[in-house]
Each structure stands twice: as C-alpha cells, then as structure tokens.
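Colleague: Here it is: the structure, laid out below.
The values are calculated or read from the model by the stated rules, or taken from the named source; none is laboratory data. The shown structure was predicted, so the numbers you read here are calculated from the model rather than taken from an experiment. Cβ coordinates were reconstructed from backbone atoms using ideal geometry, including for glycine residues, and neighbour counts include every protein chain displayed. SASA here: full protein model, heavy atoms, side chains in, ligands and nucleic acids out. Shrake-Rupley method; radii C 1.70, N 1.55, O 1.52, S 1.80 Å.
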Amino acid sequence: MPVRVRLAPSPTGYFHVGTARTALFNWILAKQDPEGVFILRVEDTDPERNREEWVQAIYAAMAWLGLDYTGPFRQSENAPAHAAALEALVAAGALYYCDCTPAEVEARKGARATPGYDGYCRDRGLARNERTALRFRTPDEGTIVVPDLVRGEVVFSLSAIDDFVVARSTGEALYALANVVDDRDDAITHVVRGEEHLANAPKQMMLWSALNAATGLEVSLPVFAHLPLLVNEQRKKLSKRRDPVALEMYRDQGYLVAAVLNYLALLGWSPRGDDEIVEMDTIVEQFRLEDVSHSPAFFDVKKLTAFNGTYIRALSPEAFAALCRPWVDPGEVAWRPAGYRPAWGVEDFDPDLFARLVPLIQERVARLDEVPVMVDFFFGEPAHDEAAFAKAITSDPAAPGVLAAALEAYGALGDFGAEALHAATLALGEARGLSLRKAQAPIRCAVTGRLVGPPLFESLALLGRERTLARLRAALEHAA
RNA sequence: GGUCCCAUCGUCUAGCGGCCUAGGACAUCACCCUCUCAAGGUGGAGGCACGGGUUCAAAUCCCGUUGGGACUGCCA
C-alpha cells in the first residue's frame with residue numbers, strides 16, 4: 001500500500017518551525033515511496049481563530065521550503081462528509097446530544113479523581129436543539145493500544161478518556177471528528193505529527209472504528225508516529241506567543257532554506273556517520289521513523305546559524321550574489337525581508353562592484369542580513385560611528401599622522417591595487433614604529449566608518465583612489 | 001489531580017549487552033594562521049540523573065525514585 005501522509009496545520013498564526021519539521025518528515029516519507037503522496041490540508045474549521053492571511057502564510061512557507069505536495073485542500077471543503085459522518089454515527093448510537101454548558105461541566109468536575117466530562121447526558125435521550133453539542137460515547141474501562149512507529153505501542157487506560165465533543169451546538173464538526181473523517185477520505189496511511197497529539201490518538205482510533213461500523217466501510221486505520229516536541233531553553237513546548245518560531249522570520253534574517261531543512265532534520269533524527277551537513281537526497285535515503293528520538297529537542301538557533309554559515313560558504317559566488325539581492329539591491333527584486341530596504345539608493349548600487357565584493361564577504365557572514373553592513377560603505381558614505389571614530393582616531397595620537405601619510409602615499413601610488421596598498425601601508429606604519437595591525441585601524445575607520453569589515457586593501461582598491469583619498473581627507477578634518 | 005511521554009557532554013545526538021578509558025556536531029577554551037573581523041587548522045575541558053535488580057559482562061534489559069514535559073476546550 002503506497003504511503004499517504006499529510007500535513008494538517010491550522011491557520012491560527014505564523015507558520016511554526018515545528019510545523020516545518022513535521023512537514024519535512026512527512027514529505028520525506030512520501031518521497032521514499034515512488035507512489036507516496038504528501039497532502040497539505042489546512043484545518044480551518046474554527047472560524048473564530050482562523051484568518052485568511054495565515055492560510056496564505058502556510059502556502060508561502062511551504063513554497064519557500066520547496067516541499068511539494070498534493071493540494072492544498074481545506075478541511076472546510078469536506079464539511080458535507082463531516083455532516084454525513086455525524087449523521088451515521090448518531091444513527092448508530094455512537095454519539096449523543098448534550099446540553100451541558102462548559103461552566104456546568106466544570107462545576108460537576110469538583111474534586112473527582114478523573115476530571116473531564118462525567119457523562120451526565122449519556123442516557124438523557126436529548127434531542128438535537130440549538131444548545132446541544134454532540135458527544136462520543138467512550139468505553140469506561142479497558143485499554144486501547146496506539147501503534148506508534150516512533151514510540152512503539154502506547155497503552156491508554158480508557159477510564160481516563162471522557163466523552164469528548166465532536167460537533168458544536170451549531171452542528172459543525174470539530175477537529176476531533178473532521179480530522180478523522182478527512183484522514184479516512186484521504187486514505188492516510190501514516191499520521192505523523194507532534195507529540196502533543198499523542199493523547200488524541202486513542203480517541204481518533206475509536207472514532208475511526210465507530211465510523212467504519214456505522215457506515216459498513218472497512219477503511220484500515222492509519223499507523224501513528226508522534227515526533228518529539230521542539231522546546232525552548234526552559235524546556236517548554238515552543239510557543240507562538242513567546243518564542244521566535246515564525247519560519248518567516250528566519251527567512252527574513254537570511255537563513256538559507258537548505259540549511260534550515262538540514263538543521264530541522266537533525267532535530268530528533270541523525271544521519272549515519274559523523275557528518276551532520278548532509279544533502280537532502282541522503283536524508284531521504286537514510287531516514288526511518290523508527291530511528292526518531294523520543295525526547296524533546298531544543299531548537300538551537302546558534303547551531304542553525306553555524307549551519308547556515310557553512311551553507312553560505314559552500315555557495316558559488318554567483319549563487320551567493322543572487323541570494324544577496326533582496327538585501328543589497330534597492331531596485332526591483334521579487335522578494336524583500338519584511339520591513340527592510342537597503343540604506344542606499346538604486347543609483348548608488350553597482351551590481352558589478354558587488355560581484356567583485358562577494359569574495360571578500362561570503363566567508364564572513366553566517367546570515368544574509370549581515371551583508372548590508374559589510375558593504376554599505378561602497379554604496380554610500382560611511383556611517384558616522386562616533387564611538388568607533390573616537391577609538392581608532394581621536395584617542396590615538398598616532399592616527400592623524402597615519403592618515404596624513406596614507407593620504408600622501410596612496411596618492412602617489414602608480415598602481416592602486418591591493419598589493420601596492422598593502423605595501424604602502426606597511427611602509428608608512430614601519431616609519432612610525434607601528435605594526436600593520438595598528439596602522440590599518442585608523443585608515444579602516446576613516447574609509448569604512450567601522451572597526452571591522454572586509455579585508456581593507458582589497459576594499460580600498462575596489463573603492464578607488466578618488467573616494468579613498470576623499471574619505472581620508474574628511475576624517476582628517478573631522479579629527480582636527 | 002488524572003492519563004500519557006521522556007531521561008548520554010551546556011545543546012542536538014551516536015550507542016540498540018562485551019568493539020565505550022562513551023564517538024560526532026554546535027557552543028566554549030587555548031594555540032597556529034592573520035591588515036580588522038571571519039574562515040581554516042591543531043589541541044583541551046565537558047556527559048551515561050539516582051537506587052536496586054538481571055547477567056560472566058549494562059549507557060544499553062527490568063523495577064523503583066527523582067526530575068522534566070505533553071494532554072486534560074462546543075481550539076487544532
């Protein structure tokens with residue numbers, strides 16, 4: 001039987017990195033089977049919380065990740081099937097109407113050892129009205145075994161599972177029911193999702209069987225796989241409210257999709273051998289649900305960033321330059337990080353110059369959003385960082401002499417190349433008893449506005465004699 | 001409270017009874033390289049939560065303790 005898996009996110013907020021990992025694992029499973037199918041099904045059955053912009057965010061995130069799927073489908077599209085399932089289940093006596101308000105249920109809970117709904121309306125024989133929700137009648141004793149490819153067989157005690165609601169008093173199906181009906185209709189073979197859903201599995205299995213019985217169908221149950229949670233430093237489940245979980249944010253910061261995917265794959269799983277930087281083909285080849293870790297994983301941005309740096313350095317200069325465009329080219333680009341515009345204008349940007357800058361910066365950034373500050377002095381006047389200026393120039397008694405000497409030596413250079421600049425600077429430093437390290441500091445600050453940056457002499461050569469000398473002069477004046 | 005899950009360096013993990021004086025990666029420290037910053041190279045520090053079993057032999061199996069976590073909605 002071909003693998004049929006699905007991602008079933010609800011459009012109630014940013015696309016979560018945890019959702020991305022779940023998507024990846026599902027996608028891998030489908031890829032491993034020549035006939036495998038990966039479905040994207042947006043679970044939009046809660047009109048109170050869903051927003052159209054969030055469903056668009058799901059599509060955008062999946063597109064960025066490059067995980068191809070069948071769909072997208074929306075759970076709301078299958079509403080007729082949900083209604084039919086409800087009807088069949090009622091007819092079969094698997095469901096009953098309940099008019100208890102949440103407050104009443106809460107009140108009766110009291111100090112009972114097993115809270116939750118107490119089955120008050122089970123045998124009241126209520127008819128449907130505008131105040132009745134539909135509950136599923138669950139067995140009071142016994143156990144149910146959830147087959148889980150990650151954890152083995154998980155045994156649940158039925159006494160702790162209360163009669164849960166499957167339809168609102170408005171008649172609309174709730175997640176509990178809709179999810180099962182959709183999985184059945186989509187012929188899902190493996191339900192692969194986060195561990196927070198583990199407790200839902202026995203309910204879904206019972207519903208699935210009841211549905212088969214009520215409809216005379218014999219659709220086989222899916223097998224489950226509950227992935228370890230992604231947690232924050234406090235070891236709490238990553239939350240949309242307090243943790244940086246929006247996938248979009250990582251894209252905005254200049255993380256490469258390949259790096260993100262590679263890192264995500266390592267959360268709960270690991271490739272054979274000592275290399276953690278691996279191609280997706282290798283991951284698809286080696287991945288097994290049985291090998292997935294059982295314990296929660298901390299989403300470590302530092303490690304992700306290190307991976308990203310590795311991926312950036314592995315890029316061809318051309319590919320790197322192309323990926324940098326949203327951050328450096330003020331002209332028309334297809335996409336730009338939220339809230340970001342280059343600090344320089346279209347007329348100041350020179351793509352050819354940027355191409356020549358690439359070798360100087362590619363190995364110096366771990367994220368694409370670090371690029372602008374490395375190259376800004378090429379496309380505009382250096383930012384006036386007074387703290388840097390004070391440190392490298394004002395507070396250094398030798399600085400004015402160095403700048404003046406550089407002005408003279410650089411002006412006299414026949415060839416304004418990096419090597420010549422290097423030699424000239426070395427010489428003017430030696431003349432003052434300064435190491436190159438000391439001598440380059442005020443020059444770097446005068447020309448780039450910063451204490452750190454790409455290699456100085458290559459930068460000066462690319463900047464050109466005229467602009468270099470102008471900035472040296474300006475710094476000298478500013479210092480005086 | 002109840003149900004369920006989990007437990008190897010700070011972090012992510014390898015380990016599936018002897019190959020383990022526990023391997024790798026990120027982070028960290030030192031040194032080398034060096035015009036700043038990186039990158040790169042070399043080396044170091046750092047872990048099997050605890051207590052009982054089982055076994056000739058346990059990080060690996062069993063039980064318990066402790067500690068984390070998820071779920072417990074007319075949300076998904």
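Colleague: To the nearest 10 Å², what's A:Ile277's accessible area with a 1.4 Å probe?
Modeller: In the full protein context, A:Ile277 sits at about 70 Å².
Colleague: Of the GluC sites (Glu not before Pro) in region A:393-464, which ones lie in a loop per DSSP and count no more than 13 other C-beta atoms within 10 Å?
Modeller: Numbers: sites: A:Glu408, A:Glu419, A:Glu430, A:Glu458; in loops: none.
Qualifying residues, ordered by number: none.
Colleague: What percentage of the solvent-accessible surface of region A:386-479, computed with a 1.4 Å probe over protein heavy atoms, is contributed by carbon and sulfur atoms? Before the final figure, lay out each step's value.
Modeller: On the way: 2490 of 4390 Å².
For region A:386-479, the apolar C and S fraction of the accessible surface comes to 57 percent.
Colleague: Okay, next question. So what's the angle, to the nearest 10 degrees on a 0 to 90 scale, between helix A:201-215 and the longest Cα principal axis of chain A?
Modeller: The angle comes out near 50 degrees.
Colleague: Given H placed 1.01 Å from N in the peptide plane, which residues other than close sequence neighbours of A:Ile39 have an amide H under 5 Å from its amide H?
Modeller: A:Val5, A:Arg6, A:Leu7, A:Thr70
Colleague: Restrict the search to region A:189-271; then list the GluC sites (Glu not before Pro) that DSSP places in a loop and that have at most 14 other Cβ atoms within 10 Å of their Cβ.
Modeller: Taking region A:189-271 and a limit of 14 other Cβ atoms within 10 Å, the loop GluC sites (Glu not before Pro) found are A:Glu218, A:Glu233.
Colleague: FRET efficiency for A:Ala60 and A:Glu279, Cβ-Cβ distance as r, R0 = 30 Å, nearest 0.05?
Modeller: On the way: r = 25 Å, r/R0 = 0.83.
The formula returns an efficiency of 0.75 here.
Colleague: Something else about it: Relative to the longest principal Cα axis of chain A, at what angle does helix A:17-32 sit, 0 to 90 degrees, rounded to 10?
Modeller: Its long axis makes an angle of about 70 degrees.
Colleague: If I model a spin label at A:Leu426 and A:Arg128 as a point 7 Å from the Cα along the Cα→Cβ vector, what separation in nanometres do I get?
Modeller: In this crude label model, A:Leu426 to A:Arg128 measures out at 8.9 nm.
Colleague: Express the accessible area of region A:349-464 per residue in Å², computed with a 1.4 Å probe while the remaining protein chains stay in the model.
Modeller: Averaged over the residues of region A:349-464, the accessible area is 44 Å².
Colleague: For region A:20-132, which whole percent of the accessible surface, found with a 1.4 angstrom probe, sits on carbon and sulfur atoms?
Modeller: Details: 3010 of 5750 Å².
Carbon-and-sulfur percentage of accessible area, whole number: 52.
Colleague: Still on this structure: Please label the shape of chain A as rounded, prolate or oblate, based on the square roots a ≥ b ≥ c of the eigenvalues of the alpha-carbon gyration tensor (a/c under 1.5 means rounded; beyond that, a/b larger than b/c means prolate, else oblate).
Modeller: Numbers: a/c = 3.23, a/b = 2.88, b/c = 1.12.
Verdict is prolate for chain A.
Colleague: Here is a further query. At 0.36 nm per residue, and after removing the present C-alpha to C-alpha distance, how many nm does the segment from A:Glu248 to A:His384 gain when stretched out fully?
Modeller: Details: separation 136, 0.36 × 136 = 48.96 nm, distance 3.20 nm.
Once the chain is fully extended between A:Glu248 and A:His384, it gains 45.8 nm.
Colleague: Note the full-extension length gain between A:Asn232 and A:Ala176 as 0.36 nm times their separation in residues minus their Cα-Cα distance, in nm to one decimal.
Modeller: Numbers: separation 56, 0.36 × 56 = 20.16 nm, distance 2.78 nm.
Between A:Asn232 and A:Ala176, full extension yields an extra 17.4 nm.
Colleague: Scan region A:283-363 for trypsin sites (Lys or Arg not before Pro) in coil per DSSP, keeping those whose Cβ has at most 12 other Cβ atoms within 10 Å, and list them by number. Kindly include the intermediate steps, with their values, before the conclusion.
Modeller: Numbers: sites: A:Arg288, A:Lys302, A:Lys303, A:Arg313, A:Arg356; in loops: A:Arg288.
Passing sites in region A:283-363 are A:Arg288.
Colleague: Sticking with this one: With a probe of 1.4 Å, find how much accessible area region A:138-228 has per residue, and write the answer as a whole number in Å². Kindly include the intermediate steps, with their values, before the conclusion.
Modeller: On the way: 3440 Å² over 91 residues.
Dividing the accessible area of region A:138-228 by its residue count gives 38 Å².
Colleague: Now for a separate question. Rolling a 1.4 angstrom probe over the protein chains, ignoring ligands and nucleic acids, what is the accessible area of A:Leu267 in square angstrom, nearest 10?
Modeller: Counting only protein heavy atoms, the figure is 10 Å².
Colleague: Given the options A:Gly417, A:Ala405, A:Pro442, identify the residue whose Cα lies farthest towards the positive end of the charge dipole of region A:397-450 (+1 on Cβ of Lys, Arg; -1 on Cβ of Asp, Glu).
Modeller: A:Pro442
Colleague: I need the calculated FRET efficiency for the pair A:Lys302 and A:Arg356, taking r as the beta carbon distance and R₀ as 30 Å, to the nearest 0.05.
Modeller: Details: r = 32 Å, r/R0 = 1.05.
Result of the calculation: an efficiency of 0.45.
Colleague: Could you give me the ³J(HN,Hα) list for region A:253-269, computed from phi with Karplus coefficients 6.51, -1.76, 1.60 and θ = phi - 60°, whole Hz, x at Gly and Pro?
Modeller: 7, x, 8, 7, 4, 5, 5, 4, 5, 4, 5, 4, 4, 7, 8, x, 8
Colleague: When the helix-only estimate is applied to chain A (DSSP H runs of n ≥ 4, each -39,500 (n - 2.57), divided by the residue count), what is the mean residue ellipticity at 222 nm, nearest 500 deg cm²/dmol? Write out the running numbers ahead of the final one.
Modeller: On the way: 19 runs with 212 residues, N = 480.
After summing the helix terms and dividing by the residues of chain A, the value is -13500 deg cm²/dmol.
Colleague: Run the simple label-point estimate for A:Glu318 and A:Ala91 please: 7 Å along Cα→C-beta, distance reported in nm.
Modeller: Once both label points are built, they end up 6.5 nm from each other.
Colleague: So for the pair A:Glu106, A:Thr394, with labels modelled 7 Å out along Cα→Cβ, what separation do we get in nm?
Modeller: Each label point is offset 7 Å from its Cα along the Cβ direction, giving 6.1 nm.
Colleague: I'd like the isolated cysteines in chain A, meaning no second cysteine's beta-carbon lies under 4.7 angstrom from theirs.
Modeller: Those would be A:Cys100, A:Cys324, A:Cys445, since no other cysteine Cβ in chain A comes under 4.7 Å of theirs.
Colleague: So, one more: Can you run phi through the Karplus equation (6.51, -1.76, 1.60; θ = phi - 60°) for region A:426-431 and list ³J(HN,Hα) in whole Hz, with x for Gly and Pro?
Modeller: Going residue by residue, I get 4, 5, 5, x, 4, 4 Hz, with x marking Gly and Pro.
Colleague: Efficiency by 1/(1 + (r/R0)^6): what FRET value for A:Glu466 and A:Ala334, r their Cβ-Cβ distance, R0 = 51 Å, to the nearest 0.05? Spell out each step's value before the answer.
Modeller: Numbers: r = 35 Å, r/R0 = 0.68.
Taking R0 as 51 Å, the efficiency between A:Glu466 and A:Ala334 is 0.90.
Colleague: Find the centroid of the Cα atoms in region A:66-109 and in region A:442-461, then give the distance between the two in whole Å.
Modeller: 65
Colleague: Express as a percent, rounded to the nearest 5, the fraction of DSSP beta bridges in chain A (both residues included) that run antiparallel. Can you show the working numbers first?
Modeller: Working: 15 of 30 bridges.
Among the beta bridges of chain A, antiparallel pairing accounts for roughly 50 percent.
Colleague: In whole Hz, what ³J(HN,Hα) sequence does region A:271-285 give by Karplus (6.51, -1.76, 1.60; θ = phi - 60°), x for Gly and Pro?
Modeller: x, 5, x, 8, 7, 9, 8, 9, 5, 4, 4, 5, 4, 4, 5
Colleague: Okay, next question. Once you order the gyration tensor axes a ≥ b ≥ c over the Cα atoms, which shape class does region A:48-201 get: rounded for a/c under 1.5, otherwise prolate or oblate by comparing a/b with b/c?
Modeller: Prolate, because a/c is 1.5 or more and a/b exceeds b/c.
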